[in-house]
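Novice: This is the structure, below, for whatever I ask next.
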Amino acid sequence: MRKKMVIGNWKMHGNLHNISELLQEILTNFPQQSQCECVVLPPSIYVAHTQKLLQNSRIDYGVQNIYPQDEGAYTGEISGIMAKEFGCKYVLIGHSERRNLFGENDNLIAQKFNYTKNHHMTPILCIGETLKERESGLTEEVLSKQLSAIFKQSAALEDYIANSIIAYEPVWAIGTGKTATPQQIQETHHYIRNYIANHYAVNSNSLTILYGGSVNERNAQEIFAIDNVDGGLIGGAALDSNKFLQIIAAF
Ligand code: PGA
């Protein structure tokens, strides 16, 4: 189902004290009339702490990564069963930092996507091109390859795709302070929605497509107003309650 969403990806930031402070400030000041769904993704060691703080609130949470097995000799990894036991509803998959720093390829990302679906959590699938790819005119090719690598592996496509979240994050805009221009965002989101409509038996109008990459309290309103943008995946600005609340209020 298509939603308006703001998701905070905390990456490897935070400690018990400042996570408590951040969430308390967000909970106290959350705009009551907001239609926007809000999700935070803490480092997995802080998921239990986050769960306690967010009990009975309208903010959801999830994990930044998962391993596609229920248990086993996979040192350092956590499973979907574990994430679910602590109430996680969302799993971030295919973030460019996972792809680039930890060598995750489309095949592993597809396994993680399927696994998350099988465990009835919502995958937030990140896709995006590098600067070199954009400058070489390869953006659409890269995105279609990333999408088709994931989506070809499914039987029940409608439910599988339509109830997922896609985050378009140009790699060159992540953590750099450079955002894509409104025109680039509009064209790319339009391309993603059309590509899915043309290749799969899915009503792509029901798909939630977020933009990520240096979204902040100053540019959020302009970005969220762009056609086909359903919200944002926020990194740096999600660590500051004031900025994050202003981004939520931008809806
Ligand atoms: P940023 O990160 O907002 O700090 O650019 C976005 C992301 O990596 O999801």
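Novice: Residue by residue through the stretch 80-101, note down the ones that are more than 12 Å from residue 129 (Cα to Cα) and without any contact (Cβ under 8 Å) to a residue 12 or more places away in the chain.
Specialist: Residues satisfying the conditions are 82, 85, 101.
Novice: Only one of 26, 45 is touching a Ser or Thr at 6+ places or on another chain (Cβ under 7 Å), among the β-branched types (Val, Ile, Thr) and part of a helix (DSSP H, G or I); which?
Specialist: 26
Novice: Right, another one. Take the residues in the stretch 85-138 that are of a type in the set (Val, Ile, Thr) and buried (at least 20 other Cβ atoms within 10 Å of the Cβ), then tell me which one is nearest to the ligand (Cβ to nearest atom).
Specialist: 124
Novice: Looking only at the stretch 13-44, which residues are within 30 Å of residue 160 (Cβ to Cβ) and of a type outside the set (Ser, Thr, Tyr)?
Specialist: Hits for the stretch 13-44 are 35, 36, 37, 38, 39, 40, 41, 42, 43.
Novice: So is residue 229 within 15 Å of the ligand (Cβ to nearest atom) and more than 18 Å from residue 6 (Cα to Cα) or not?
Specialist: no
Novice: Restricting attention to the stretch 183-191, does a residue exist that is modelled with pLDDT under 95, surrounded by fewer than 20 Cβ atoms within 10 Å (Cβ to Cβ) and either within 16 Å of the chain's Cα centre (by Cα) or not small (Gly, Ala, Ser) (or both)?
Specialist: No, the stretch 183-191 has no match at all.
Novice: Kindly evaluate residue 236 against the criterion of being on the phi > 0 side of the Ramachandran plot, within 14 Å of the ligand (Cβ to nearest atom) and either surrounded by 22 or more Cβ atoms within 10 Å (Cβ to Cβ) or at pLDDT 95 or above (or both).
Specialist: For residue 236, the condition - on the phi > 0 side of the Ramachandran plot, within 14 Å of the ligand (Cβ to nearest atom) and either surrounded by 22 or more Cβ atoms within 10 Å (Cβ to Cβ) or at pLDDT 95 or above (or both) - is not met.
Novice: Does the stretch 174-183 include one or more residues that are at positive phi and of a type outside the set (D, E, K, R)?
Specialist: There is at least one residue in the stretch 174-183 that is at positive phi and of a type outside the set (D, E, K, R).
Novice: Out of 178, 243, I need the residue that is within 11 Å of the ligand (Cβ to nearest atom) and surrounded by fewer than 17 Cβ atoms within 10 Å (Cβ to Cβ). Which one?
Specialist: That would be 178, the only listed residue that is within 11 Å of the ligand (Cβ to nearest atom) and surrounded by fewer than 17 Cβ atoms within 10 Å (Cβ to Cβ).
Novice: Got at least one residue in the stretch 142-151 being without any contact (Cβ under 8 Å) to a residue 24 or more places away in the chain and more than 17 Å from the chain's Cα centre (by Cα)?
Specialist: Yes - at least one qualifying residue is present in the stretch 142-151.
Novice: Oh, and also: Which of the residues belonging to the stretch 181-226 are in contact with a Leu (Cβ under 9 Å, 6 or more places away or on another chain), away from the ligand (no atom under 16 Å from the Cβ), among the aliphatic types (A, V, I, L, M) and part of a loop (DSSP other than H, G, I, E, B)?
Specialist: Result: 201, 202.
Novice: Mind listing whichever residues of the stretch 69-84 are surrounded by fewer than 20 Cβ atoms within 10 Å (Cβ to Cβ), within 26 Å of residue 37 (Cβ to Cβ) and touching a helix residue (DSSP H, G or I) at 6+ places or on another chain (Cβ under 9 Å)?
Specialist: Correct list: 78, 79, 82.
Novice: In the stretch 18-40, which residues are β-branched (Val, Ile, Thr) and in contact with a Phe, Trp or Tyr (Cβ under 7 Å, 6 or more places away or on another chain)?
Specialist: Within the stretch 18-40, 19, 26, 39, 40 qualify.
The values are calculated or read from the model by the stated rules, or taken from the named source; none is laboratory data. Not measured: the values here are computed from a predicted model. Positions of Cβ are generated from backbone atoms using ideal geometry, with glycine treated the same way; all protein chains shown enter the neighbour counts.
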